[in-house]
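The structure appears below as structure tokens.
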Amino acid sequence: MATTGFSMREWEILVYLEQHGQATASELSDAFTVTRTLISRNTWRLIQDNLIQSQVNPNDRRVVWLSLTVNGQERVQEGVRQVQENLKTFNQSHDLEKLTKQVETLSQQLAKIN
């Protein structure tokens with residue numbers, strides 16, 4: 001998403017982790033029906049940007065849990081606010097467009113009367 005600075009896949013990963021708390025790369029690849037390699041590439045950048053963190057499962061060292069950092073949670077909330085603001089602006093401009101058409105129609109009807 002251009003306004004957030006994330007690719008669509010990165011945004012999906014962040015939102016998924018926000019909704020589910022934590023996930024493994026395998027769970028993410030299953031959820032998005034993409035390869036683990038692609039998920040690893042995307043999550044690596046998010047880890048480097050301190051948006052998600054990885055934690056090895058102490059009971060099974062093969063399992064690595066991914067979760068949002070505090071910074072990641074803040075960025076997701078900021079992104080959600082941006083999307084909501086964009087939708088609000090879109091709705092307002094759509095309403096303005098409808099109003100403009102109604103005024104044009106009214107003006108045309110008034111012109112016919114005069």
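The values are calculated or read from the model by the stated rules, or taken from the named source; none is laboratory data. If you're wondering where the values come from, they're calculated on a predicted model, not measured in any experiment. Cβ sites come from the backbone with ideal geometry, for glycine too, and all protein chains shown count toward neighbours. These accessible areas exclude ligands, DNA and RNA; they are computed on the full protein's heavy atoms, side chains included. Shrake-Rupley method; radii C 1.70, N 1.55, O 1.52, S 1.80 Å.
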What about Val76, is it modelled with pLDDT under 95 and in a helix (DSSP H, G or I)? yes
Taking interchain pairs and intrachain pairs at least six residues apart, which have beta carbon atoms under 6 angstrom, with the first residue in region 82-93 and within 20 Å of Trp11 (Cα to Cα) and the second modelled with pLDDT under 75 and not in a helix (DSSP H, G or I)? Gln82/Thr3
Can you pull out the residues in region 40-67 that are aromatic (Phe, Trp, Tyr) and either more than 16 Å from Glu12 (Cβ to Cβ) or assigned to a loop (DSSP other than H, G, I, E, B) (or both)? Trp65
Checking Thr100, Thr37 in turn, the sole residue that is in a helix (DSSP H, G or I), among the β-branched types (Val, Ile, Thr), modelled with pLDDT of 90 or more and loosely packed, with under 11 Cβ neighbours inside 10 Å turns out to be Thr37
Exactly one condition in (1) out of contact with any helix residue (DSSP H, G or I) (no Cβ under 7 Å at 6 or more places or on another chain); (2) of a type outside the set (A, V, I, L, M, F, W, C); (3) open to solvent by 60 Å² or more (accessible area, probe 1.4 Å) is false for Asn71; which is it? (3)
Being touching a residue at least 40 places away in the same chain (Cβ under 8 Å), closer than 28 Å to Asn86 by Cα, open to solvent by 80 Å² or more (accessible area, probe 1.4 Å) and touching a helix residue (DSSP H, G or I) at 6+ places or on another chain (Cβ under 7 Å), is that true of even one residue in region 3-16? yes
